[in-house]
1. Restricting to the stretch 274-310, give me the number of residues that are assigned to a helix (DSSP H, G or I), within 16 Å of the ligand (Cβ to nearest atom) and within 24 Å of ASP27 (Cα to Cα).
2. I'm trying to understand the selection: among the residues of the stretch 227-242, which are charged (D, E, K, R) and closer than 19 Å to GLU201 by Cβ?
3. Would you be able to tell me the number of residues in the stretch 261-275 that are free of Cβ contacts under 8 Å to residues at least 12 places away in the same chain and within 18 Å of GLY178 (Cβ to Cβ)?
4. Give ARG9, ARG22, ARG48 a once-over and let me know the one that is in contact (Cβ under 8 Å) with a residue 40 or more places away in the chain and open to solvent by 60 Å² or more (accessible area, probe 1.4 Å).
5. Kindly provide the set of residues from the stretch 173-231 that are buried (at least 22 other Cβ atoms within 10 Å of the Cβ), away from the ligand (no atom under 13 Å from the Cβ) and over 30 Å from GLN135 (Cβ atoms), ordered by number.
6. Please count how many residues of the stretch 1-34 are over 28 Å from the mean Cα position of the chain (by Cα) and under 21 Å from ASP243 (Cα atoms).
7. Looking at GLU149, GLU110 in this structure, which one is within 16 Å of the ligand (Cβ to nearest atom), touching a residue at least 60 places away in the same chain (Cβ under 8 Å) and open to solvent by less than 20 Å² (accessible area, probe 1.4 Å)?
8. Please find, within the stretch 239-270, the residue that is farthest from LEU76 (Cα to Cα) out of those that are part of a loop (DSSP other than H, G, I, E, B), of a type in the set (D, E, K, R) and more than 8 Å from the ligand (Cβ to nearest atom).
Amino acid sequence: MDPVFDDRRLQAIAEKVKAGERLSFDDGLALDETPDLLAVGWMANLVRERLHGNVTFFNVNRHINPTDVCVASCKLCAFGKKARDPQAYTMSLDEVYFRAGEGYTEAVTEFHIVGGLHPELNIDWFCEMLSGLKQRFPKVHLKAFTMVEIAYLAKRFKTPIEEVLRRFKEAGMDSMPGGGAEIFNERVRRVICDHKIDGSEWLDVAKMAHKMGIKSNCTMLYGHVETAEDRIDHLIRLREAQDETGGFVTYIPLAFHPDNTPLEHVPKTTGFMDLKSIAVARLMLDNIPHIKAYWVMMTPKIAQIAQRFGADDIDGTVVEEKIYHDAGAETSQGLRRGELLRLIREAGREPVERDTQYNRVERDEAAFTIVV
Ligand code: V47
């Protein structure tokens, strides 16, 4: 029997959700603002099970951050450093290949590659990095560069965005991660990332990539100075772009971690808000196939519960994450495959290992008692 909600607005939204109708901006706001988290979670779970049944996806991946040198000074970030900072680093190409191969087993199916906006590393350098990685690890999917990095390289080296994307695709870039979207609202961007491309430019680069056959993810950074209206506006702008291109594969809400950033005074997000962000996204983003509860950011505990609040993905083993750990994340640097399986199974879901394009990866489980 369906539950009856005290909040009349939620009852009307639930009818729309059951009928598979698109939700409006006002519906989104009502979902974001209600304290009835269980009602929102119930609806999101309905949609999630309609789309993916009982399956929770995970992958076996490694993050590579070739440099933390960044010309931008975004207040949200604890990762980027100025070139003159003695603690800043930039890997040589050999170091990138070494890092990629460290602990490499046949298990790794994806390298997630993002870095700062380095003033010296040029388009050729990145092409060489991509082709060098492909040569050494031909079976590994290269999910590389945010829209922000692409737009920066285009501007810095006076090359059209389309040309940068074309060259990277030819060199081996298979798809793009969803970072750098933050919150599209300009007032908020001026506070948290005033040196970054604006929201429309982020969307334009994403749409161009999609039209060139390069799929990407998308994100939203929440829990800083944004309002509920800003969050729903962000989701609707992603939904509109997706109507146009169909190129977003997965949406990942990212909770702001204030430690070691100029916004250190901002309180950390709560479990309530983290779960709400997953559930509202599942309901609003009716055209984006997957919602990821990124355990590094939400903690494995919340990412596990999120599997019953709209999420169908928990990300992967990750291995050596820097961006969140520089901002005070207390989660570990990587999760073992067995631990991911335990989290998913305990939530009553069936773990399915996927590659970046959500093809199932078949494994001999017995071979995974030690590695990864
Ligand atoms: O672009 C930076 C955010 C993003 C902080 O596509 C911060 O599969 C919180 O995009 N507190 C990088 N967030 C992470 C990212 C991502 C992660 C996992 C999977 C995928 C995917 C993408 O993290 C940045 C920025 O939006 N970020 N600093 C901070 N202090």
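1. Final tally of qualifying residues: 5.
2. The answer is ASP230, ASP233, ARG237, ARG239, GLU240.
3. Counting residues in the stretch 261-275 that are free of Cβ contacts under 8 Å to residues at least 12 places away in the same chain and within 18 Å of GLY178 (Cβ to Cβ) gives 0.
4. ARG22
5. ARG231
6. Looking only at that region, the number is 1.
7. Result of the check over GLU149, GLU110: GLU110.
8. LYS268
The values are calculated or read from the model by the stated rules, or taken from the named source; none is laboratory data. Every value quoted in this text rests on a predicted model; they were computed, and no experiment measured them. In this analysis, Cβ positions are derived from the backbone assuming ideal geometry, glycine residues included, and neighbour counts consider all displayed protein chains. With ligands, DNA and RNA removed, areas are computed over all heavy atoms of the protein, side chains included. Shrake-Rupley method; radii C 1.70, N 1.55, O 1.52, S 1.80 Å.
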